[in-house]
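The values are calculated or read from the model by the stated rules, or taken from the named source; none is laboratory data. What you are looking at is a predicted structure, and each value in this text was computed from that prediction instead of being measured. Every residue, glycine among them, receives a Cβ derived from its backbone with ideal geometry; neighbour counts consider all protein chains shown.
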Amino acid sequence: MAGILRRVPERLRPFVWPVTIAVLAVAVFTTRISDEMVDFGIYRTAAARALHAEPLYQSGDGPGRFTSLPAFAIGMTPLAVLGEEAAKVIWFSLSVGLLVALVRWSVSALPARQLSPTPLTWLTVMFMGKFYAHELMLGQANILLGALLVGALLAAQIDKPVAAGVLIGLGAFVKPYAIILAPWLAVGSGVAGTLAAAAVLVAGLLLPAAFYGWTGNLELLSAWYGAVSGPTAPNLLGADNISFAAMWAKWLGPGQAASVLAATTGTAAIGLAIFVWMRRHTVEEPDYLEFALLMMLIPLLSPQGWDYVLLLATPAVVCLVDRWRLLTLSRRIFLGAALALMGLTLFDVMGRELYARFMAMSIVTVAASALLLMLARLRWRQLA
């Protein structure tokens, strides 16, 4: 590729990668994606309901129900007025563009990089590629969430707390569990960032009243709460669920023991994040690692933490890969094994039966937990 770039006129070189990515995206969409994107259909259905002020959360929707806040459905309404295929093309193209931004921003935001951007980018894509592919195949919105959150990190790094707060507030409407970053925002960005996030949240919660009226909006929010707080036990045994709750349910079976251990594990993970934050004074630029750790916690803490949501671990993987050669040999082996078990175990390579057993053992969750410990280790050694 470097040889090809040298033959391209210098004024055109900035366009080579965008054009290449666009061509590949079109090829992938037409050959693999166009008949998929099931979850995008859920968003589009919710948007169509919002246009006609119909209930968004309907019991007949079954497992494929809409669970984002009502404001997200309203934000998706432009895609509901288009034809299905046109809407799919636009959403897929937007997702690919945001994925490129997510990876590039994650690399550029990392302070004191040990590796140059190109190898770091490709190593990250290698370890995270299966999650990116699954996300695009489903037409999910986690790439949008990831780009918003990493954008908030970049804003915080250049002392733009209001922008950081706005982006985290917007992220909460894409996926409510983005609110896990609110305490970090309050501590790291102060009053301005916190007020900006709160203002966005209030505005977003009030927005559906323009379509449904005040009473209708309150009913919507009540229905949303019922949708996300309902029984989760059937989801915990899903092959692709990599949350702490799913791990214990698969090991012990759903029940009180599994629930208690899941809560204990989640509390310990939050405690690890607090430990990392308490040692922020030991490094010059602490924000990146703390933000990366919290983003990675999202799919592990959520009872509906499907494996593709681990794409939110992109900043964490960038940081760990970059600092790999600063570790001792035993830590390198440990980290390399965890990265491989989490990101290089592919269904197409392992086959249906072996992959099903692998996921039933929650090895991805164990590997992701090992990466959390390695992030804390980096902070302990003052490496990030």
In the set Gly305, Gly336, the lone residue that is buried (at least 23 other Cβ atoms within 10 Å of the Cβ), over 19 Å from Ser106 (Cβ atoms) and outside the structural domain of Leu148 (by TED's automatic domain parsing) is Gly305
In region 314-337, anything small (Gly, Ala, Ser) and either over 23 Å from Leu99 (Cβ atoms) or touching a Ser or Thr at 6+ places or on another chain (Cβ under 6 Å) (or both) is listed as Ser330, Gly336, Ala337
Residue set Ala109, Ala101; condition outside the structural domain of Leu297 (by TED's automatic domain parsing), of a type in the set (A, V, I, L, M), closer than 28 Å to Thr365 by Cα and within 15 Å of the chain's Cα centre (by Cα); output residue Ala101
Ala112 within 18 Å of Ala71 (Cβ to Cβ) and in contact (Cβ under 8 Å) with a residue 60 or more places away in the chain
no
If we take region 186-285, then helices (runs of 4 or more DSSP H) inside it with 1 or more residues that are acidic (Asp, Glu) and not assigned by TED's automatic domain parsing to the domain that holds Ala313 are 209-229
